[in-house]
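The values are calculated or read from the model by the stated rules, or taken from the named source; none is laboratory data. Because the structure is a prediction, the values reported are computed rather than measured. Cβ placement follows ideal geometry from the backbone for every residue including glycine, while neighbour counts extend to all protein chains displayed. Areas reflect the complete protein model, heavy atoms only, side chains present, ligands, DNA and RNA absent. Shrake-Rupley method; radii C 1.70, N 1.55, O 1.52, S 1.80 Å.
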Amino acid sequence: ILEMYLNQVYWGHNNYGVQTAARTYFDKSAANLTLGESAMMAGLIQAPEEFSPFVNMKLAKQKQKEVLGRMLAMKWISQQEYNDALQQEIKLGKIRSFQGSALPYVTNTVAQEIIKKFGRDALLKGGMRVQTTVDASFQLMAEEAIKEWHKTLEGQGLHKNQMALVAIDPRTHFIKALVGGIDSKRSEFNRATQAQRQPGSAFKPFVYYTAFASGKFTPSTTVIDAPVSYQDGDGWYYPRNYDGGFMGAMPIRTALALSRNVPAVKIGKAVGMNTVIDTCRTLGINSPMVAVSSLPLGAIGVTPLEMASAYATLANYGWQSPPTAIARVTDSSGNVLLDNTPKPQLVLDPWASASLLDVMQSVVTDGTGKGAALDRPVAGKTGTTSSEKDIWFIGSVPQLTTAIWVGRDDNKQLASGATGGGMVTPVWRDFMQKALKDVPVMKFKPPSEFPRPKPVKI
């Protein structure tokens, strides 16, 4: 409960969560805070804007002293530690706020949320103060990464490519960075929130989650990668693997790690395509879907935001809040009009989510997503459509989920042989290495920490 609280509480200056706040106030990871700095942050929570050391250092020191005094009275610290903490020099970081006009894709996303919630007139009349969830440093890193990698991919033969990136904190579903294209001045179209593109194999985790949640499948369940056919309407469907071959019997873990198509279709058929669609709806994917045999291979249209949000729910073991770029909205008098403090709901089975995360780590360690490997556990999935029009990588660490899409606005083929594993994982890895620089390494919770669901009839 305390961990959830610290990761979600408002700390002032558009900071939600202890890690973001520590970076803003003291320019360091929360794990590296001194006792004096920690006590000062603890003293902020009651009225963070008023007690902020950026606003009133004298008052911030007073609250710090109160916190340390209480810790001393509780015998949590010694008199010497109390004295030393009060004497510690406080070196402040920088307020990570920004002017919306400088970040057009974020402004666009926030404006659409405001319109949806309050109507277009409210947006046009103004008078609102909007605090976003976006981490300005992440946002600038993301924009820079997209611009640099656009040029690199052009050099690799992906001509006229466009890109989108969405980074979400899975613990809160707050959007931390959002880039809707390579250059907002050339095109205001926000591909992160508006482009409906096929996810390809990045859709497969939804199929395997559904299988695990049924209680009848585990990561070690054997599936046969062999020729098969299904009647769809008036015709027959013959699923094929990307390499054109078949590999025989294998555990589900290997099937997903190597992104084999036939096993995904077989598992989808076993659990029922309508049940897979139900999983997608629960995860917030609202695009039209038909329960056809090819559904497990991602033959639908989704936005990068939808994919990032869905993977973030999985990364939080099934706990979900609505994805948002807005933390709070107040009127000109300071009255709160909208407070998006997260109220997570458990919408998925935790054991099935943890099992899927365990398998998706194999994608990165032993499968198609090796290019996304970091010095910490990563759970993710590559995506490549059969026509090579869309390539993806969506990956998570416990503190951040990032989806990256590459394609063309005219929906033509990027290049023969273009894959998410070969061309998008390096982009993801580059951004995440920078974004996670001061973030502590965390492991995902193993499935053994959660009760396994009872088998249901399929």
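A few points about this structure:
- Boolean, residue 42 is under 28 Å from residue 330 (Cβ atoms), of a type outside the set (Val, Ile, Thr), out of contact with any Ser or Thr (no Cβ under 9 Å at 6 or more places or on another chain) and free of Cβ contacts under 8 Å to residues at least 24 places away in the same chain: no
- Of the residues examined, residue 10 is one that is in contact (Cβ under 8 Å) with a residue 24 or more places away in the chain and out of contact with any Lys or Arg (no Cβ under 7 Å at 6 or more places or on another chain).
- Looking across the range 296-332, the residues that are outside any loop (DSSP other than H, G, I, E, B), more than 16 Å from residue 118 (Cβ to Cβ) and small (Gly, Ala, Ser) come down to 308, 309, 310, 312, 315.
- Counting only strands (runs of 3 or more DSSP E) that fall entirely inside the range 175-237 and contain at least 1 residues that are open to solvent by 30 Å² or more (accessible area, probe 1.4 Å) and touching a Gly at 6+ places or on another chain (Cβ under 7 Å), the qualifying elements are 222-225.
- Residues satisfying the stated conditions in the range 56-94, i.e. part of a helix (DSSP H, G or I), open to solvent by 60 Å² or more (accessible area, probe 1.4 Å) and either within 20 Å of residue 2 (Cβ to Cβ) or not polar (S, T, N, Q) (or both): 57, 58, 61, 65, 66, 70, 73, 81, 84
- Leading residue by the ranking (modelled with the highest pLDDT) among those in the range 14-55 that are assigned to a loop (DSSP other than H, G, I, E, B) and within 16 Å of residue 341 (Cβ to Cβ): 45
- Condition check for residue 293: polar (S, T, N, Q) and open to solvent by less than 10 Å² (accessible area, probe 1.4 Å): yes
- Residue match in the range 310-325 (condition: touching a residue at least 40 places away in the same chain (Cβ under 8 Å), surrounded by fewer than 18 Cβ atoms within 10 Å (Cβ to Cβ) and touching a His at 6+ places or on another chain (Cβ under 9 Å)): yes
- Selection status of residue 360, open to solvent by less than 20 Å² (accessible area, probe 1.4 Å), among the hydrophobic types (A, V, I, L, M, F, W, C), over 18 Å from the mean Cα position of the chain (by Cα) and under 18 Å from residue 199 (Cβ atoms): no
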